[in-house]
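Below is one structure, written out as structure tokens; comments come after it.
The values are calculated or read from the model by the stated rules, or taken from the named source; none is laboratory data. It should be emphasised that the depicted structure is a prediction, and the values quoted were computed from it without experimental measurement. All Cβ positions, even for glycine, are placed from backbone atoms using ideal geometry, and neighbour counts span all protein chains on display.
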Amino acid sequence: MTTTALIAKQYIEWLWQSNALPFCLAEPAEWQKYTDVETEIIEEAFQQGLPEALLDDYHIVFARSMQISNNDEKKQRPVKRVVDRNKDEREKRVRAERFLEDSILPSNSFINWQIEPTTPDFVQEACSHYGVRWEKGITCQSVLEMWIEKAAEGFIIEAKKVGKQREGEWMAKRLLEQKNGSKQQVEQLCVKLYCMGSFLYRKLNETMRLQGDFAFETLWKSRVPTLGPFAVLLNSAMNFTPTNMIVYRGATMTNEQIEQFRLCVVSERKIQLPAFTSTTLNPSVAEFFGSNVLFVIDLEKDTGSLDMSPYSNYPDEQELLIFDGFPAKVTSCHFDEIANKWIIKLWGLRCSDL
């Protein structure tokens, strides 16, 4: 996959004043950034010369530089637009939710790999649901268009459930604009959408991590029709690592979950990570947020993955996305007294090793 002009654009931020008393002049103003998708919605309205931008919870009145609650006109806060903020300051921003997994649910953080694995796969389940043979891939334009339509419908359905209908509609519109585009153009857009801060990243991975936990099987399968099509498109965008490399990911885990990994070392059990897994090439990014576990993952050449940096507004994250169903062996699990956290080392496996 190659980077196109779709990715490169002027960097713009929209921020809202987050002080408890936003109109009090006695204290310095504190500013909070809108999410990536909210920023796109606001900026598009601004560029079109519209008087307002409508978000899920607020609307922005450009003439007044003001955010106003959709439910209470009295709840107002100043906003501002920042263009090309200092590059060094911008690139230092990284997102905790990208590399710090809160693994309270499900009960297992991985799928046990068996000699003849029968564990259902989210992407394959989506293909089965829509009558597409996964091994054939996206072989023709009509199949690609079907996945685009179903993914767009799914965005809106799932966004409504979490009070983010405007976000879902914006993402659906962007995707449908590529309905007549090439497979590569669609894949690039899907990667860009996945990189953005929105409900989609959280909901998709929350759902896919439930695979392998029988207690949540009905729940994750219920989301196959809505989130599955986008997972298929994102999966098709995957490349392969050009060489061996080490990547990192933080996690906040219970003692019971850590013990599961320790037992994998003893039993030499092979595991799978069921969701798309965001990792970083920079260990300081994974360690920055104070998690109690640091995963150190050895990837062999040709591991299914994708360098997300060219598509992200947060290039300093140095994100490498590992494909869903990533097979691995737990080689060690120990508590590091100096780092004051558990270090769990995984070794990526080839299909021939399974």
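Would you point out the residue of the stretch 204-236, among those that are not in a helix (DSSP H, G or I) and not hydrophobic (A, V, I, L, M, F, W, C), that is modelled with the highest pLDDT? My answer is 223.
Anything in the stretch 298-316 that is of a type outside the set (Phe, Trp, Tyr) and closer than 19 Å to residue 286 by Cα? List them, or say none.
From the stretch 298-316, those of a type outside the set (Phe, Trp, Tyr) are 298-310, 312-313, 315-316; that's our starting set.
Across the stretch 298-316, the qualifying residues are 298, 299, 305, 306, 307, 308, 309, 312, 313, 315, 316.
Evaluating residue 251 against the criteria (1) in a helix (DSSP H, G or I); (2) more than 20 Å from residue 171 (Cβ to Cβ); (3) of a type in the set (A, V, I, L, M) leaves one unmet condition, (1). Scan the stretch 133-145 for residues that are touching a residue at least 40 places away in the same chain (Cβ under 8 Å) and buried (at least 16 other Cβ atoms within 10 Å of the Cβ) and jot them down. Matches in the stretch 133-145: 138, 144.
As a summary of the residue check, residue 272 satisfies the conditions (1) within 30 Å of residue 146 (Cα to Cα); (2) surrounded by fewer than 19 Cβ atoms within 10 Å (Cβ to Cβ); (3) at pLDDT below 90 except for the one numbered (2).
Here the stretch 29-38 is the region considered, the condition is being in contact (Cβ under 8 Å) with a residue 24 or more places away in the chain and more than 17 Å from the chain's Cα centre (by Cα), and the residue that is surrounded by the fewest Cβ atoms within 10 Å (Cβ to Cβ) is 29. Against the test of being at pLDDT 95 or above and on the phi > 0 side of the Ramachandran plot, the options 69, 18, 65 yield a single qualifying residue, 65.
Applying the condition of being in contact with a helix residue (DSSP H, G or I) (Cβ under 7 Å, 6 or more places away or on another chain) and of a type in the set (S, T, N, Q) to the stretch 218-269 and asking which residue is surrounded by the fewest Cβ atoms within 10 Å (Cβ to Cβ) yields 236. Within the stretch 172-181, at least one residue is surrounded by fewer than 18 Cβ atoms within 10 Å (Cβ to Cβ), over 30 Å from residue 13 (Cα atoms) and modelled with pLDDT of 90 or more.
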